Amino acid sequence: MRKALVTCLILLVVLGGIFIAGDIIGRRVAQNEIAKNVASQYQLDHTPKVSIKGFPFLTQALDGRYDEIDINVGELTEQGVRLTDTTVALKGVTAPMSDAMHGDASKMVADTATSTATIGYDDVNKQAPNNMKVSAQGSSLQVRGPYTVLGVTRTVTATVTVQPSGRTVRVVPQTVKAGGMAVPVGLVRQAFTFTMPVKGLPLGTRISDVQVKPEGLRVSTTAQNVKLSSLNVH
């Protein structure tokens with residue numbers, strides 16, 4: 001009896017080891033294939049890192065439903081805009097097992113997709129109106145630009161807030177200085193309140209958050225019911 005029990009335990013351990021090994025291998029194969037698909041789709045010169053979350057992987061694969069797939073794209077250029085530290089988190093992904101194992105994104109659909117990327121200030125400035133220049137000042141954003149009063153043009157520096165607005169970023173002045181002296185915000189509010197389109201965003205996404213970083217604006221976007229094959233930009 002004891003020998004039979006020991007044999008059963010050994011068998012369970014062996015089967016468990018085989019299952020875990022198969023789970024690890026299957027996950028790795030799927031991740032690699034999806035990474036190749038994304039690299040081809042975005043015409044990247046590098047292979048992104050893909051991580052399929054949740055355990056076990058094989059159960060998710062058999063169900064055709066994955067808790068979360070994270071894609072670290074890194075750097076890419078879209079519509080002439082250089083995006084750095086680009087990541088995409090896909091949650092509630094539906095995909096046939098064969099498609100996931102072969103990296104075929106044509107039938108992969110995510111309940112939600114959240115992408116985050118940093119846009120350098122050189123590219124941000126290209127979208128600013130009237131030759132205004134945007135830069136970081138600590139955790140705040142500053143905008144420098146010309147302002148004309150009674151025929152006299154002076155360079156004005158405004159500390160502004162940035163707010164998401166659809167596929168654009170809305171800039172609103174909070175404090176204003178000219179030549180080191182404070183200027184009433186009301187005088188320049190209209191000229192220094194503007195929206196900047198953010199180029200290079202995935203199709204169908206909306207900006208959900210904007211953070212000021214030393215290297216650029218860190219922009220997060222969200223979208224619902226997203227096909228992985230449609231995560232291109234327009």
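Counting Lys and Arg as +1 and Asp and Glu as -1, each charge on the Cβ, what is the dipole of region 122-212 about the Cα centre in debye, to the nearest 20?
Working: 10 positive and 3 negative charges, 29 e Å.
Result for region 122-212 is approximately 140 debye, rounded to the nearest 20.
Where a Cα-Cα gap under 23 Å defines reach, which lysines qualify for Lys213, not counting those fewer than 8 residues away within the same chain? Counting by Cα, and skipping residues close in sequence, Lys213 has these lysines nearby: Lys126, Lys133, Lys177, Lys199. By the rule of a C-alpha distance below 18 Å, with chain neighbours fewer than 8 residues away ignored, the lysines paired with Lys227 are Lys36, Lys91, Lys107.
Within region 56-75, what residues put their amide N at less than 16 Å from the label point 7 Å along the Cα-to-Cβ vector of Asp45? Under 16 Å, as judged by backbone N against the label point of Asp45, lie 74-75 of region 56-75.
Rule-based calculations on the coordinates, nothing more; no lab input. This is a predicted model, so every value here is computed, not measured. Here Cβ is always computed from backbone atoms with ideal geometry, including for glycine, and neighbour counts include all displayed protein chains.
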